[in-house]
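Chemist: Quick one: the structure is below, questions incoming.
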Amino acid sequence: MSTVLSDTGLIFGRYVRQTLRSRISLIFGLLQPMLFLAFFGPLLEDVPLGGDGDSWQTLVPGLLVQLGLFGAAFAGFGIIMEKQLGIVERMRVTPVSRLALLLGRVLRDALQLMVQSLILVLAGVAFGLRAPVIGVAIGFLLVGALAVSLASLSYAFAMRVNTVQEFAPVINSINLPAMLLSGILLPMALAPAWLDVISHIVPFRYLVDAVRAAFVGDYGDGTLALGVLVAAALTAVSVTLGTQLFRKAGA
């Protein structure tokens, strides 16, 4: 166990340093949600959204989940490029734990998402967002769990394909309907009944609802508890499956 932990710390440190050298990717990773915040948020101020909270308490939590959904799901792009450059093969011949090769990357992705989320929330406050600190902290934990889950699966899938052309269409085909059906931009309560029913099979919907509940300080109606349970189950299943696939692909 100590070897896995030390190896994970080693890999984590390597990719944190790599990320810090790629400041442009950090900036552009925030660009899309910032544009939604600036141009879409004001359009919602006079729209009856239903439920608790104002337009910013509806939009900002959705954008946090969007950051996790798109940032983590596309994390596998990096490992495909490393495979093509021979970096992964060179890592495999070292005594570093195969599990640590995955966990170090995943933890870097989670840390990156937390920094981006903090910046997004601070920008939201400038626009008019008001949310309890503990609620924001809970929202960050839920989004962090989402990042760990999706990044694990993304890396595992990326290890089993050889090119970006194989990887990208699959991720896009999953991400787009997941984003639309999870109510990231608008609550699914505004959708037609049939679409609202379908959206209940998408686990990300429960995370979006839970983060929104946390941002309005509503901790007791069951929405937040259900979101926490879904996040925990998604993390457990995704990390277990992702680890198994990653190890097999790296064998």
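The values are calculated or read from the model by the stated rules, or taken from the named source; none is laboratory data. Values in this document were obtained by computation on a predicted structure and should not be read as measured data. Here Cβ is always computed from backbone atoms with ideal geometry, including for glycine, and neighbour counts include all displayed protein chains.
Yes/no per residue for (1) free of Cβ contacts under 8 Å to residues at least 12 places away in the same chain; (2) crowded, with 17+ Cβ neighbours inside 10 Å:
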residue: Pro33; (1), (2): no, yes
residue: Ala38; (1), (2): no, no
residue: Thr58; (1), (2): no, yes
residue: Gly68; (1), (2): no, yes
residue: Gly71; (1), (2): no, yes
residue: Ala75; (1), (2): no, yes
residue: Met91; (1), (2): yes, no
residue: Gln116; (1), (2): no, yes
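Chemist: Being surrounded by 15 or more Cβ atoms within 10 Å (Cβ to Cβ), over 26 Å from Arg160 (Cβ atoms) and not aromatic (Phe, Trp, Tyr) narrows it down to one of Gly62, Gly9, so name that one.
Modeler: Numbers: Gly9 fails: surrounded by 15 or more Cβ atoms within 10 Å (Cβ to Cβ).
Testing whether each residue is surrounded by 15 or more Cβ atoms within 10 Å (Cβ to Cβ), over 26 Å from Arg160 (Cβ atoms) and not aromatic (Phe, Trp, Tyr) leaves just Gly62.
Chemist: Given the conditions (1) surrounded by 14 or more Cβ atoms within 10 Å (Cβ to Cβ); (2) under 17 Å from Pro61 (Cβ atoms); (3) out of contact with any Ser or Thr (no Cβ under 8 Å at 6 or more places or on another chain), which single one is not true for Ser199?
Modeler: That leaves (3) as the condition not met.
Chemist: Moving to a separate point now. With the range 174-251 as the region, which helices (runs of 4 or more DSSP H) entirely inside it contain at least 2 residues that are over 30 Å from Val88 (Cα atoms) and within 15 Å of the chain's Cα centre (by Cα)? Let's see the steps before the verdict.
Modeler: Details: elements: 193-199, 203-215, 223-249.
Filter on the range 174-251 gives 203-215, 223-249.
Chemist: Restricting to the range 67-85, count the residues that are assigned to a helix (DSSP H, G or I) and in contact with a Leu (Cβ under 8 Å, 6 or more places away or on another chain).
Modeler: 6
Chemist: Consider only pairs whose beta carbons are under 7 Å apart and that are at least six residues apart or on different chains; among these, list those whose first residue lies in the range 1-28 and is farther than 20 Å from Leu113 by Cα and at pLDDT 80 or above and whose second residue is β-branched (Val, Ile, Thr) and surrounded by 14 or more Cβ atoms within 10 Å (Cβ to Cβ).
Modeler: Partner pairs satisfying both residue conditions: Asp7/Val96.
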